[in-house]
Amino acid sequence: MRALFLLPLVLALAGCDSISRPAADGFEVGAGGFAAFQADAEACQTKADTLVNYDIRLVDTTRYARNRAFNRVYGQCMTARGHQPRPYLRNVLPEL
């Protein structure tokens, strides 16, 4: 019964990716191992933060637009470094 109650909430929040910023746990560890994954996550975080904070095109935009830009750059950076995005349900449901 509780699962049916939470289903609309989970579905509503699933569309809110551009409101929140992704974390490293949204991506799979690549072939380089966990240490390389952490270094890549920090580098991508810095790259995306730099874009959002210093790109003149984003100065007068909304927080929503800046978060979308952050998410796009962070995701592209992590994917380019060999870390594939994890499926959404794999992030929110416990592993069985």
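Results for (1) at negative phi; (2) without any contact (Cβ under 8 Å) to a residue 40 or more places away in the chain; (3) out of contact with any Gly (no Cβ under 7 Å at 6 or more places or on another chain), shown as yes or no for each residue.
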| position | (1), (2), (3) |
| --- | --- |
| Glu28 | yes, no, yes |
| Thr62 | yes, yes, yes |
| His83 | yes, no, no |
| Leu89 | yes, yes, yes |
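Return the only residue of Gly32, Gly75 being in a loop (DSSP other than H, G, I, E, B) and modelled with pLDDT of 70 or more. First the steps, then the outcome.
Details: Gly75 fails: in a loop (DSSP other than H, G, I, E, B).
Just a single option satisfies the conditions, and that option is Gly32.
Among residues of the stretch 78-91 being in a helix (DSSP H, G or I) and touching a helix residue (DSSP H, G or I) at 6+ places or on another chain (Cβ under 7 Å), the one that is modelled with the lowest pLDDT is Asn91.
The values are calculated or read from the model by the stated rules, or taken from the named source; none is laboratory data. Quantities reported herein were computed from a predicted structural model and do not represent experimental measurements. Cβ: placed from backbone, ideal geometry, glycine included. Neighbour counts: every protein chain shown.
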